[in-house]
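Accompanying notes for the structure given below.
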Amino acid sequence: MKLARIAERRGIPASPGIAIGPAFVLRRERLVIPEYRISADQVNAEVKRLERAFRDTRERLEAIREGMKDTGLVADIFDAQFLFLKDPTLLEHASRNIRSECLNAEWALQLELRRLEMLFESMSDAYIRERSSDVAFVVRRVLQCLMGREPEGLRNAPIGVIVVAEDLSTAELAQLTKGHVLAVVTEGGSRTSHVTIVARSLEIPAVVGLPDLVQSIADGTTLIVDGHAGCLIDDAEDATIAEFEKRRLYIEALDRQLLRYADLPAETRDGVRIRTLANVEQPLEIPHALEYGAEGIGLYRTEFLFMNRVDLPDEDEQVDAYMEILGAVAPYSAVIRTLDLGGDKLPIGIRGGDEPNPALGLRGVRMSMSRPAIFRVQLRALLRASVAGNLKILLPMVASSSEVDFARQVLSEVREDLERAGEPVASRVELGIMVETPAAALIADILAPRVDFISIGTNDLLQYTLAVDRGNEHVSYLYEPLHPANLRLIRSVCQAGRRAGIEVGMCGEMAGDPLHCWILTALGVGQLSMAPFSIPLLKKILRETSLSEARVLLEEVLRLPSAAEIRAHVEEHMLRRFPAEFEGMLPSR
Amino acid sequence: MSRIEAEVQIQNELGLHLRAAAAFAKLAEGYRCEVSMRRDGLCANGKSIISLVTLAASKGTRVVVVAEGDDASEAVSALTELIERKFGEST
């Protein structure tokens, strides 16, 4: 079954699900700022009016933040904006403009915003330049308040629309509710941005990172959003809409039907037990993950704790965050990965200089080695939190044994410090590594005896092995998990793990794709960590599989010369074996 | 009412950037006195992150911390110590 690919845009799959509905395009209204002079005796009243607007704006934002407290979401996203709203400079300078020039409050504030924008613009630091948008957001809210305008937002959106926006502010995200909004598509955003996290936790399908949306989509256009594949189709023909509607109903039905597999073990007919784990970004997602049958957390990324903020999270804040995770998933284990931020996303305190090629730059464990103080604080927090559950620590971007030795050394020093200070620490905390560089895969036999577990991170491993940036449209078609080079690397990592007697798992998208689970099982991957919603289907397929037939498929595949032939062979085989499960899935590929 | 000044050198790698400015302003906020920071004829409100950042004081810049008010001397000693501790920034 093939679908005509018309006007299909590819973005980043942010939150799964299919939605079909009319576009609601969020256009930023251009505020026309009134500019007039006031008389000298009105000055005090005008300053008061400005102060009141600041106060009201603050109260409003605080109310929104308060309303989001229960959800445990995004409250801290507001922090940068509050910092600026509370900052005396804005109000002081704007008031001075009123007093000295007899300007009306809106004009006075607007002038101050321009001055700040020019100042920020001239700064060499990209992080500060970006914060200029936080200031602009805050000023805009105050201006709207001064002018008696309601801030634009999703509240006015009719029920059952697909929201199209450049980006959604925190205040707008707070207004998202399931049922009201069918799906969200944005120009900005990434896998870890706020839009993604909020949409996922509300189970609203979302695709982010789609350029030129707002300009090119008219209100009311029928859109198809496929949050699994990360694509958006506008102006679809009726046949395409019908096809996706069928697929949507099909997936929903399948999901309901599959949920009964959630509580069953992922065990093949000949008794091989695979552990299915969940990748999560937020504690909020854990109940979902358990509902879908996760037997623990295979990857919790700590980047979110560090992003979109002015300062570093201190040790206590980190302890709280980690304890929440560990407690929520106990008695299952949670694999928490130490900080892996690219240079572009760091809070100001730990940003290095700009790097021409961040993917090959200072990130993951390399960053930890170059900034040991940050690493140490994180490890201390992790160990202090370890008493709340079953913690495993994962090191990202390892490429050599010295990095593992370094981390072990710091970990044992930190443990000694804590124990000496009488802090309770779990007696056993495993330390594992991500294998996501070809170097680590090739020396897996050297690394495996030094660690307690291995997790293969396929997203990066593939990019580095195939030398393909999957965000680059010219070469993204070369990004293929079933490439023989990738299969060979996985095989040798599994062999090294077996010899060292440690578990080899996999996180990354390959692990959650039901098409790959036979191959991975036959290669010897014992734990698969994925987006929670993928777990039930994977369990079903594994339960109807035997290791021996998976091995036959692997044998056949390893003899094939190219990724394309391997994919065709696996697709054909899996479609034949699981027609109901794959029929509805494959067209999206 | 007293006025206290102290000259210090910005020593952290990244200079008086946003995080450092936030730490400075937050600490300054805790004192009743007025706090400002001067550098080469520029003067910033010590309780305002925006204002501090616009000084663009990079590593090695000498700045003067000025406090005016009852608790000025406590404020200046705490704030200069913060700068000397490199704003608690990890290296």
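The values are calculated or read from the model by the stated rules, or taken from the named source; none is laboratory data. Predicted model, so just to flag it, every value in this text is computed and none were measured. Here the Cβ is made from the backbone with ideal geometry for all residues, glycine too, and neighbour counts use every protein chain on show.
Brief remarks follow.
- Some residue of segment A:411-427 being of a type in the set (D, E) and closer than 16 Å to A:M369 by Cβ: yes
- Cross-chain or 6+ apart pairs with Cβ under 7 Å, segment A:529-552 first and in a loop (DSSP other than H, G, I, E, B), then of a type in the set (K, R): A:T545/A:R269; A:S546/A:R269
- Members of segment A:461-487 that are of a type outside the set (G, A, S), out of contact with any helix residue (DSSP H, G or I) (no Cβ under 8 Å at 6 or more places or on another chain) and part of a helix (DSSP H, G or I): A:Y477
- Residue within segment B:67-89 that is facing chain A (nearest Cβ under 9 Å) and either of a type in the set (K, R) or exposed (fewer than 15 other Cβ atoms within 10 Å of the Cβ) (or both) present: no
Quick grid of which residues meet (1) more than 19 Å from A:Y300 (Cα to Cα); (2) touching a residue at least 12 places away in the same chain (Cβ under 8 Å); (3) not basic (K, R):
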position: A:A421; (1), (2), (3): yes, no, yes
position: A:P424; (1), (2), (3): yes, yes, yes
position: A:M434; (1), (2), (3): no, yes, yes
position: A:A439; (1), (2), (3): yes, yes, yes
position: A:I454; (1), (2), (3): no, yes, yes
position: A:T458; (1), (2), (3): no, yes, yes
position: A:L461; (1), (2), (3): no, yes, yes
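- Qualifying positions in segment A:451-490 - farther than 18 Å from A:D513 by Cα and surrounded by 16 or more Cβ atoms within 10 Å (Cβ to Cβ): A:V451, A:D452, A:F453, A:I454, A:Y464, A:T465, A:L466, A:V468, A:L489
- Of all residues in segment A:211-240 being outside any loop (DSSP other than H, G, I, E, B) and of a type in the set (G, A, S), the one that is farthest from A:R10 (Cα to Cα): A:A239
- Filtered residue count, segment B:53-66, keeping only those that are within 14 Å of chain A (Cβ to nearest Cβ) and at pLDDT 95 or above: 0
- Boolean, B:R32 is within 12 Å of the chain's Cα centre (by Cα) and more than 9 Å from chain A (Cβ to nearest Cβ): no
Every residue, every condition in (1) within 22 Å of A:N279 (Cα to Cα); (2) free of Cβ contacts under 8 Å to residues at least 40 places away in the same chain; (3) of a type in the set (S, T, Y); (4) touching a Lys or Arg at 6+ places or on another chain (Cβ under 8 Å), yes or no:
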{"position": "A:E355", "(1), (2), (3), (4)": "no, yes, no, no"}
{"position": "A:M369", "(1), (2), (3), (4)": "no, yes, no, no"}
{"position": "A:R384", "(1), (2), (3), (4)": "no, no, no, no"}
{"position": "A:L395", "(1), (2), (3), (4)": "yes, no, no, yes"}
{"position": "A:D405", "(1), (2), (3), (4)": "no, no, no, yes"}
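- Annotation: of all residues in segment A:252-272 being basic (K, R) and over 23 Å from A:G524 (Cα atoms), the one that is modelled with the lowest pLDDT is A:R256.
- Residue satisfying condition, being assigned to a strand (DSSP E or B) and farther than 12 Å from A:L489 by Cα, within set A:L431, A:L418: A:L431
- Selection count, segment A:355-377, where residues are more than 11 Å from chain B (Cβ to nearest Cβ) and not in a helix (DSSP H, G or I): 7
- If you go through segment A:270-318 and keep only what is within 14 Å of chain B (Cβ to nearest Cβ), assigned to a loop (DSSP other than H, G, I, E, B) and not basic (K, R), you end up with A:M307, A:N308, A:V310, A:D311, A:L312, A:P313, A:D314.
This table checks each residue for (1) outside the structural domain of A:I490 (by TED's automatic domain parsing); (2) modelled with pLDDT of 95 or more; (3) out of contact with any His (no Cβ under 8 Å at 6 or more places or on another chain); (4) closer than 24 Å to A:R498 by Cβ.
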{"site": "A:V525", "(1), (2), (3), (4)": "no, yes, yes, yes"}
{"site": "A:M530", "(1), (2), (3), (4)": "no, no, yes, yes"}
{"site": "A:E556", "(1), (2), (3), (4)": "no, yes, no, yes"}
{"site": "A:L575", "(1), (2), (3), (4)": "no, no, yes, no"}
{"site": "A:F578", "(1), (2), (3), (4)": "no, no, yes, no"}
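- Residues that are surrounded by fewer than 18 Cβ atoms within 10 Å (Cβ to Cβ) and in a helix (DSSP H, G or I), drawn from segment A:380-405: A:V387, A:S401, A:S402, A:D405
- Matching entry among A:L528, A:L575, A:L558 (being surrounded by fewer than 18 Cβ atoms within 10 Å (Cβ to Cβ) and within 29 Å of A:L249 (Cβ to Cβ)): A:L575
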